[in-house]
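Colleague: My questions will all concern the structure given below.
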Amino acid sequence: MRVLNYLELEDRLDRSGISTSVAHQRAALSRADADVSYVTTPWYDGDVVLAGLNRLVDGQGMTEFDVAHCNLIGPGSAFVARQAKKKDIPLVLHAHVTAEDFAESFRGSTYLAGPLRRYLRWFYSQADLVLCPSEYTRRTLEEYPIDAPIRSITNGIDIDSMAGHEQFREEYRDRYDLDGMVVFAVGSVFERKGLTTFCEVAWNTDYDFAWFGEYDSGLLASRTVRKWTKNPPENVTFTGWIEDKRGAFAAGDVFFFPSKVENQGLVVLEAMAAGKAVVLRDIPVFREYYEDGHDCLLCSTREEFENALDRLEEDPDLRARLGENAKETAREHSLDRVAEELTDAYREVTTH
């Protein structure tokens, strides 16, 4: 079976969670026992211009594949979806994007969430099967509603990508002048990720806080992002992009992620794979995957977040126990599991 595993605008999304998820899919398929191979571009000979010329000459502009699996929602993906339906090729659409997680991401995104939801309802309904990262996301899409079967499949975690992170601890703590129990987040800085809560909790505690990840200071930046990144509390550092994510997980001690909406939250699994104690906002998707008091602490208010951090500072044994249990949770989302679930999905659409 030859699968098109397509990420539109791949070269521009290399620092995104969607890109990481797609990388996990491809790594998983490479190690799968099943007779599945994949290509990453729909275009003839991998070049869209050459594909157009070849289509003019002999009518063939796309490469050949047995299943089309698209991971984004733009015009390139819509074109592939249209061609797949025209040629009766099974179509799998991966719902990494919802209107709910699009809101509060950049300037104006909340106002666009409504029109986006209507577009996504049409786009995802074309699929023979919609994949999504969690049961929470599946229920969300069913409420749109999506006129296609929907199956949840973990984004997975590449455990090996975190190997050796400890070696970066001194370097990254020195670089950003971090000391004591460091509370940290990783990823792009958005209000949806809990930026205001992160800063307000920092304001009310004495720990060093660091957010490792890019933030926009231009026209697309929301007022909230500009406010906090230009004038952060004295104990908060916004690092901007870092060259090796392992440095973030080495420098930090407690991963604090008060995100308001997530479809899964890949970065949480990365923190867990690194054996960090994790403090999360109590939202449905985290309840689905994690257990309060076992592999994380779930909180709802600023005061609960502050109390959780104080508990972890005062009780190193609790911090260690949560981290060890978190490692086990991360292993449950291995690339082997991703390979099994992906190949099952491909078999489903090719046998029905």
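Colleague: Go through region 157-171 and report how many residues are in contact (Cβ under 8 Å) with a residue 12 or more places away in the chain and not in a loop (DSSP other than H, G, I, E, B).
Modeller: 9
Colleague: Still on this structure: Quick one: is Ala308 assigned by the TED database to the domain that holds Ala326 and in contact with a Lys or Arg (Cβ under 9 Å, 6 or more places away or on another chain)?
Modeller: Numbers: assigned by the TED database to the domain that holds Ala326: yes; in contact with a Lys or Arg (Cβ under 9 Å, 6 or more places away or on another chain): no.
No.
Here's the yes/no breakdown for (1) touching a strand residue (DSSP E or B) at 6+ places or on another chain (Cβ under 8 Å); (2) part of a loop (DSSP other than H, G, I, E, B); (3) surrounded by 15 or more Cβ atoms within 10 Å (Cβ to Cβ):
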residue: Gly76; (1), (2), (3): yes, no, yes
residue: Tyr111; (1), (2), (3): no, no, no
residue: Pro115; (1), (2), (3): no, no, no
residue: Gln126; (1), (2), (3): yes, yes, yes
residue: Leu131; (1), (2), (3): yes, no, yes
residue: Leu141; (1), (2), (3): yes, no, yes
residue: Pro145; (1), (2), (3): no, yes, no
residue: Ala148; (1), (2), (3): yes, yes, yes
residue: Asn155; (1), (2), (3): no, yes, yes
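Colleague: Pairs, please: C-beta under 7 Å, at least 6 apart or cross-chain, first residue free of Cβ contacts under 8 Å to residues at least 24 places away in the same chain and in region 282-309, second assigned to a helix (DSSP H, G or I) and exposed (fewer than 13 other Cβ atoms within 10 Å of the Cβ)?
Modeller: If the second residue must be assigned to a helix (DSSP H, G or I) and exposed (fewer than 13 other Cβ atoms within 10 Å of the Cβ), no pairs are left.
Colleague: Right, here's the next one. Of the residues Asp88, Asp35, only one is farther than 20 Å from Leu7 by Cβ, more than 21 Å from the chain's Cα centre (by Cα), modelled with pLDDT under 95 and among the acidic types (Asp, Glu); which?
Modeller: It is Asp35.
Colleague: Looking only at residues in region 211-242 that are of a type in the set (Phe, Trp, Tyr) and open to solvent by 70 Å² or more (accessible area, probe 1.4 Å), which one is modelled with the lowest pLDDT? Give the steps one after another, and end with the answer.
Modeller: Residues of region 211-242 that are of a type in the set (Phe, Trp, Tyr), as a first pass: 211-212, 215, 228, 238, 241.
Restricting the remaining residues to those that are open to solvent by 70 Å² or more (accessible area, probe 1.4 Å) gives 215, 241.
Numbers: Tyr215: 90, Trp241: 93.
It comes out as Tyr215.
Colleague: Look at Glu328 and say whether it is open to solvent by 60 Å² or more (accessible area, probe 1.4 Å), assigned by the TED database to the domain that holds His24 and in contact (Cβ under 8 Å) with a residue 12 or more places away in the chain.
Modeller: No.
Colleague: Filter region 243-285 down to residues that are among the acidic types (Asp, Glu) and under 20 Å from Glu324 (Cβ atoms) and give me whichever is surrounded by the most Cβ atoms within 10 Å (Cβ to Cβ).
Modeller: Checked region 243-285; the qualifying residue surrounded by the most Cβ atoms within 10 Å (Cβ to Cβ) is Glu270.
The values are calculated or read from the model by the stated rules, or taken from the named source; none is laboratory data. The structure presented is a predicted model; accordingly, all values stated were derived computationally and were not measured. With ideal geometry, Cβ positions are generated from the backbone for all residues, glycine too; neighbour counts draw on all protein chains shown. In case anyone asks, the SASA skips ligands and DNA or RNA and just uses the protein heavy atoms, side chains included. Shrake-Rupley method; radii C 1.70, N 1.55, O 1.52, S 1.80 Å.
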